Amino acid sequence: MTFLTIQDISKRYGPVLALDSIALKVATGSRTAIVGPSGSGKTTLLRIIAGFEQPDSGRVVLQGETLADGPATVPAHRRGIGIVSQDGALFPHLSVAENIGFGIERGATDRAKRIGDLVDMVELDHAMLDRRPHQLSGGQQQRVALARALARKPRLMLLDEPFSALDTGLRENMRKAVARVLQTAGITAILVTHDQAEALSFADQVAVLRSGRLVQAGPPQTLYLHPVDRETATFLGDALLLPAHLDNGFADCVLGRLATDSAGKSGPVDIMLRPEQLQLSTAADMDDGGRCFGTVDDIEFGGALCTVTLRLAERNGGSTLTVKCSGIGLPTIGSTVEVSVRGSAHVFARA
Ligand code: ADP
Ligand code: MG
């Protein structure tokens, strides 16, 4: 069921068109990630949903209620929307308990219990309750910011790069913790991030913004394997792009004849493969003409993911090919390997 509808939202700051006719639907109880390079309009879109900015045109509809229709808007405090920003923006002079309790009515008899429950929910130690924000780590501050936003029982939670100030390990933990908390509370969420791995793992729906335009939205797997254009492909992860000739849905290229996601089509194209689709195996002999062989030129050890540079056999075009593979069972430099492909290639029209 559609929970939030963003209809043709445009917003201009002087000469800058920050948002250009954005349309997006968010399902009840789902998690959406908005990704895009810096300056692509992510924060502007979130601020318009929250009610801190007004769109020049377009509508924001939440649970059937119109929150913005061009410049006519419902004020932010009446929207039932929580927001956690990059820096958490805690009140520095208030304790953790007072920060979290900010959204709870002063006279509420169960105030202390509700604060305690929220602290449990975001997995913070009760010993932190009397501390001031500056006495907490970055991750703890973000948990407090989340608890404070949850205290108001929002219908929708907006998260604007809330993990970007945290170290890699902590980021992952926080991302999982936040996903768990939102799921348990049944709160629909929109996360803004410029980290594609974070978006792909957090969300049910990923929306890619570029220069104020929504270039693609859909499930993470769909965007990763079937990106709408080359820029989106490389933004979402490493990609190998190869020229190919499409013949009734099969691509003939230096790697041999590959299945693609363009059934029945023919003509000159470019194909995309994700690095993990390529597999190297020891080649006993270069027998069969349909297969792809190469000689290992260079290996860059990278732990979990290593980079192997191959020079393809003359009959496979003789070009250089870079393959990412596991550090287990790496070939040796100078050896001959066979390159095989798992899954199907994604097809782009030739530019
Ligand atoms: P992101 O969050 O993706 O980095 P923003 O939404 O912050 O992008 O900004 C989108 C564009 O709008 C940028 O070019 C930015 O400089 C411009 N912009 C954002 N807010 C303002 C503002 N208050 N005044 C003028 N320009 C702004
Ligand atoms: Mg931003």
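The values are calculated or read from the model by the stated rules, or taken from the named source; none is laboratory data. Note that the structure is a prediction, hence the values are computed from the model and not measured. Every residue, glycine among them, receives a Cβ derived from its backbone with ideal geometry; neighbour counts consider all protein chains shown. Each accessible area value is taken on the protein alone, full model and side chains, heavy atoms only, with ligands, DNA and RNA left out. Shrake-Rupley method; radii C 1.70, N 1.55, O 1.52, S 1.80 Å.
Quick rundown of the values:
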read-out: Those aspartates and glutamates that a straight Cα-Cα span of less than 16 Å connects to LYS265, excepting residues fewer than 8 apart in one chain; value: ASP247, ASP252
read-out: For peptides 193-200, 214-221, 12-19, sequence by mean Cβ density within 10 Å, most packed first; value: 193-200, 214-221, 12-19
read-out: Translational diffusion coefficient (Stokes-Einstein; Kirkwood radius from C-alpha pairs) of region 90-207 at 4 °C, 1.567 mPa s, in µm²/s; value: 88
read-out: Net charge over other residues, Cβ less than 13 angstrom from the Cβ of ASP117 (K, R count +1; D, E count -1); value: +1
read-out: Calculated diffusion of region 143-196, Stokes-Einstein form, Kirkwood radius summed over Cα pairs, 37 °C and 0.692 mPa s, µm²/s; value: 284
read-out: Angle in degrees between helix 138-151 and the longest Cα principal axis of the chain, rounded to the nearest 10; value: 60
read-out: Mean Cα-pair separation over length for the chain, i.e. relative contact order, pairs under 8 Å, 6 or more apart, %; value: 15
read-out: Compactness relative to 2.2 N^0.38 Å, alpha carbon Rg of region 1-97; value: 1.15
read-out: With every protein chain in place, the chain: carbon and sulfur % of accessible area (1.4 Å); value: 51
read-out: For the chain, built as a Gaussian network whose Cα springs stay under 10 Å, the top-fluctuating residue of GLU300, GLU338, GLU65; value: GLU300
read-out: Most fluctuating residue given options ALA112, ALA23, ALA207, as computed from a GNM of the chain linking Cα atoms under 10 Å; value: ALA112
read-out: Residue-normalised accessible area of the chain, expressed per residue, 1.4 Å probe, Å²; value: 47
read-out: Translational diffusion of region 189-228, µm² s⁻¹ [Kirkwood Rh, Cα pairs; Stokes-Einstein; 10 °C; 1.306 mPa s]; value: 154
read-out: Gap separating the Cα centres of region 158-209 and region 234-298, nearest whole Å; value: 34
read-out: Rounded tilt (10° steps) of 111-121 against the dominant C-alpha axis of the chain; value: 10
read-out: log10 of Debye I(q)/I(0), alpha-carbon scatterers only, for region 219-339 at 0.14, 0.20 Å⁻¹; value: -0.65, -1.19
read-out: Accessible-area value, VAL61, 1.4 Å probe, nucleic acids and ligands omitted, Å²; value: 20
read-out: Bins of 20 Å, starting at 0 and running to the largest distance - Cα pair percent for the chain; value: 26, 45, 25, 4, 0
read-out: Probe 1.4 Å, all protein chains present, accessible-area order of PHE91, PHE52, PHE348, largest first; value: PHE52, PHE91, PHE348
read-out: Spatially proximal lysines relative to LYS25 (Cα-Cα < 19 Å; intrachain offsets below 8 disregarded); value: LYS11, LYS42
